[in-house]
Amino acid sequence: MPKKTLVVLGAAANSAIWIIAFYLQKQGIYGIGAALLLMFSTSALLTLMCVRWYELSIIDDGTGLYNRRFLFRKLEHSFSTAQRTKDKLTLAVIDIDDFRGFNTKYGHLIGDQVLHEVAACLQSSVRKSDTIGRWGGEEFALMLPGLDAVEGEEVAERIRSRVEKRYVQAGEYGDLAVTVSIGLAVFEGDYRTLRDFINDADHAMYNAKQHKNTVCAARKECFSTPGPNAGRVYKTAQ
């Protein structure tokens, strides 16, 4: 159900409840009891509706992951916290290689299936304390609090390797191989602004996409472990 529809229904239900409760209160002691019972029971229902509305406001419909709005707010908070506490924070930007080709050649339903497969793979590859969501289009973003460059690279390589080993079942087209390119930026007290932090992760991802199925860390060398669809090792642009 659309978010705006839930808001309208919630407001309408709330108004109707108060009107009925007001009427019941005028019917004597039993009416007052009925009014209180109505208000308590419907309060729980409205609370559930509010929770559901909040979930819909932060979840991406296409993948079930967090949406860009929530990711950015979370990233702002995590970056500010890391600056204050001098803790480490790794940001990974993940892009599905040749995603437009899936939509063009096999249709948007297969493209949606590719998104779901990659999203599921990402969810199974991270900790509960990590935050993963859809950054936009075929891009995802992953926040890894407390991880340094080496640890962040290990997570990114694990994701890259797991994705390339999964295949999307496309009916008459057979099983389709999917790969991702990943760019990393690591906060270790050396970024003054969130924009610079995000830009470095984006630039590293774009560099990785030049070679595909590759992991690139900002200000370092690209790398990946050999596999059936593995990328090669490339030096990043400084």
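The values are calculated or read from the model by the stated rules, or taken from the named source; none is laboratory data. Everything numeric here is computed off the predicted structure, so don't read it as measured data. Cβ placement follows ideal geometry from the backbone for every residue including glycine, while neighbour counts extend to all protein chains displayed. Protein only, heavy atoms only, side chains kept; ligands, DNA and RNA dropped before computing areas. Shrake-Rupley method; radii C 1.70, N 1.55, O 1.52, S 1.80 Å.
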Seminar exercise, completed: The number of residues in the range 162-188 that are under 23 Å from A82 (Cβ atoms) and open to solvent by less than 60 Å² (accessible area, probe 1.4 Å) is 6
Exercise. Just a yes or no: is a residue in the range 46-60 out of contact with any strand residue (DSSP E or B) (no Cβ under 8 Å at 6 or more places or on another chain), at pLDDT below 90, acidic (D, E) and open to solvent by 60 Å² or more (accessible area, probe 1.4 Å)?
Worked result: yes
